[in-house]
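K.L.:
Encoded as C-alpha cells, here's the structure I'll be asking about.
The values are calculated or read from the model by the stated rules, or taken from the named source; none is laboratory data. Computed from a predicted structure; not experimentally measured. Cβ coordinates were reconstructed from backbone atoms using ideal geometry, including for glycine residues, and neighbour counts include every protein chain displayed. When the accessible area is computed, the model is the full protein with side chains, heavy atoms only, and any ligands, DNA or RNA have been set aside. Shrake-Rupley method; radii C 1.70, N 1.55, O 1.52, S 1.80 Å.
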Amino acid sequence: MKIFPAIDLRDGKAVRLYQGDYDQMTVYSEDPVDVARSFKKKGASCLHLVDLDGAKDGQLVNFETIRRIVEEVDLFVEVGGGIRDEDRIRQYLDLGVDRVILGTIAIKEPEFLKEMVAKYGEKIVVGVDARDGYVAINGWKEITNQESFSFCEYLRGIGVKTVIYTDISRDGGLEGTNMEAYKKLQQIEGLEVTASGGISFEREITELKDIVSAAILGKAIYSGALDLARAVELAE
C-alpha cells in the first residue's frame, strides 16, 4: 500500500481545513516545498496535493508552488482542486504531475469525464467525497442524490482505475476512518481505492494495507498522532 501524505495549499501556504470548512483553517507552513522535502526524508514516495484556492474559486493561485514541488522534490505527485476543464489537466500533466484528480466535474459532466479517461487513462483519478453515503460536490457544500458506492461501480465501468474515497464526517477529526466503507469498495473488481479521511492510528494502516491500494494522511501527521516514517514502514 502506498502512503500519500497530503499538502493542502492556500495562498501558497500549507494549511489544513476541518471537514472542508475554509473558516476552520490552520496554517502549518509558509513553505510547502519544505514540507514536501520533509515528507521525502521520512520515506514517502508519493504526495497528495490539493489546491484549495482552485477548488473554491477556480483560480491558479498555487500553480507556481506546485511547479516548485514537482521540480525540486522527487515524488509521485497527484493534484486535485478545481480541475474543471482539459486545459487545467494539460497544464498539470505538462508540469510533470503524475495524475490529476477530478471531483465535482466527474458528477456534473459525465461525458467530459469519459472523454478524459479515454484520452489520459490512469492519469485521471476521481475523488469521491461522501457524506452519509451520498456524493458531495462543490467543496463538500452540496450533497447530491448519487449513492457513493454505486457511483464508484459506475466509474470502474467507464474505465476509471483509481478513486480516492473520503468520508467527509471523518476528515480532520482524528477519530479514525470509515473502515466498513473500504471493505465494501474492495468488492468492486478492478477498482483501486485510495482511503482518505480520518486515518489516525497505526492499527488502521495495518488493516487498510489488505483492503486498499493507497492511503492519504493529513491531520494525523501534522498533529503528531501518526509518525509518517512509521506509517510508511507499516504500509510496506
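K.L.:
Find the residue count for region 76-102, including only residues that are open to solvent by 30 Å² or more (accessible area, probe 1.4 Å) and within 22 Å of Ile143 (Cβ to Cβ).
P.N.:
Residues meeting the conditions: 1.
K.L.:
Tally up the residues in region 11-35 that are open to solvent by less than 50 Å² (accessible area, probe 1.4 Å), out of contact with any Gly (no Cβ under 9 Å at 6 or more places or on another chain), at negative phi and not in a strand (DSSP E or B), please.
P.N.:
Of the residues in region 11-35, 2 are open to solvent by less than 50 Å² (accessible area, probe 1.4 Å), out of contact with any Gly (no Cβ under 9 Å at 6 or more places or on another chain), at negative phi and not in a strand (DSSP E or B).
K.L.:
Now for a separate question. Output the residue which, of all residues in region 124-143 that are open to solvent by 50 Å² or more (accessible area, probe 1.4 Å) and more than 13 Å from Ala55 (Cα to Cα), is modelled with the highest pLDDT.
P.N.:
Tyr134
K.L.:
Same structure again: Considering each residue of region 198-226, count those that are part of a helix (DSSP H, G or I), farther than 21 Å from Ile188 by Cβ and under 19 Å from the mean Cα position of the chain (by Cα), and give that number.
P.N.:
Restricting attention to region 198-226, the residues satisfying the condition of being part of a helix (DSSP H, G or I) are 202-208, 219-223.
Imposing the further condition that a residue be farther than 21 Å from Ile188 by Cβ reduces the set to 202-203, 205-206, 219-223.
Imposing the further condition that a residue be under 19 Å from the mean Cα position of the chain (by Cα) reduces the set to 205, 219-223.
Looking only at that region, the number is 6.
K.L.:
Let me ask you something else. Output the residue which, of all residues in region 36-54 that are surrounded by fewer than 22 Cβ atoms within 10 Å (Cβ to Cβ) and within 16 Å of the chain's Cα centre (by Cα), is farthest from Val126 (Cα to Cα). Talk me through it step by step, then tell me what you get.
P.N.:
Narrowing region 36-54 to residues surrounded by fewer than 22 Cβ atoms within 10 Å (Cβ to Cβ): 37-38, 40-43, 45-46, 53.
Next cut, within 16 Å of the chain's Cα centre (by Cα) only: 45-46, 53.
On the way: Ser45: 21, Cys46: 17, Asp53: 19 Å.
Among residues in region 36-54 that are surrounded by fewer than 22 Cβ atoms within 10 Å (Cβ to Cβ) and within 16 Å of the chain's Cα centre (by Cα), the one farthest from Val126 (Cα to Cα) is Ser45.
K.L.:
Checking Arg68 against (1) in a helix (DSSP H, G or I); (2) at positive phi; (3) not hydrophobic (A, V, I, L, M, F, W, C), which single condition isn't satisfied?
P.N.:
Only one criterion is unmet by Arg68, namely (2).
K.L.:
Please count how many residues of region 85-124 are in a helix (DSSP H, G or I), under 23 Å from Ile168 (Cα atoms) and of a type in the set (A, V, I, L, M, F, W, C).
P.N.:
Number of matching residues: 4.
K.L.:
Let me ask something else. So, in region 160-179, of the ones that are open to solvent by less than 40 Å² (accessible area, probe 1.4 Å), touching a helix residue (DSSP H, G or I) at 6+ places or on another chain (Cβ under 7 Å) and assigned to a loop (DSSP other than H, G, I, E, B), which residue ends up modelled with the lowest pLDDT?
P.N.:
Per the criteria, the residue is Gly172.
K.L.:
A follow-up question, please. Go through region 180-191 and report how many residues are in a helix (DSSP H, G or I) and surrounded by fewer than 18 Cβ atoms within 10 Å (Cβ to Cβ). If you could, list the steps in order and put the result at the bottom.
P.N.:
Applying the first criterion (in a helix (DSSP H, G or I)) to region 180-191 yields 180-185.
Still in the running and surrounded by fewer than 18 Cβ atoms within 10 Å (Cβ to Cβ): 180, 183-184.
The qualifying residues number 3.
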